[in-house]
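Asks: Shown below is the structure under consideration.
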Amino acid sequence: MKTILQTEKYFTALGYVIGAILGYIYFKLNPCTTGCALRSTPYATIIMGLLLGGIVFQYLFEIINPKNKKDVKNNH
């Protein structure tokens, strides 16, 4: 049986959740009330964190669990 973190979609979903939480924390720690397009509302920072978290965790999954280990060895 596969563990949850070895499944690509669950690992990426975990990245989305962590990224959204970090985006909200960023909004709370660095508030901007005037003139800031990305930091004026929490929604923008949450969406940016969500997207970046998904991308980073997808990249990490590909590094941790390569699909074809022969291709990884031949690409050096």
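Asks: Can you tell me which residue in the range 16-44 is farthest from Leu60 (Cα to Cα), limited to those that are among the hydroxyl-bearing types (Ser, Thr, Tyr) and touching a residue at least 24 places away in the same chain (Cβ under 8 Å)? Give the derivation first.
Replies: Residues of the range 16-44 that are among the hydroxyl-bearing types (Ser, Thr, Tyr), as a first pass: 16, 24, 26, 33-34, 40-41, 43.
Adding the requirement that they be touching a residue at least 24 places away in the same chain (Cβ under 8 Å) leaves 16, 24.
Values: Tyr16: 13, Tyr24: 22 Å.
Looking at residues that are among the hydroxyl-bearing types (Ser, Thr, Tyr) and touching a residue at least 24 places away in the same chain (Cβ under 8 Å), I get Tyr24.
Asks: Hey, among the residues in the range 37-66 that are at pLDDT below 85, within 19 Å of Tyr10 (Cα to Cα) and of a type outside the set (S, T, N, Q), which one's surrounded by the most Cβ atoms within 10 Å (Cβ to Cβ)?
Replies: Here the answer is Pro66.
The values are calculated or read from the model by the stated rules, or taken from the named source; none is laboratory data. Nothing here was measured: the structure is a model prediction, and the numbers come from that model. Note that we place each Cβ from the backbone using ideal geometry, even for glycine, and neighbour counts take in every protein chain shown.
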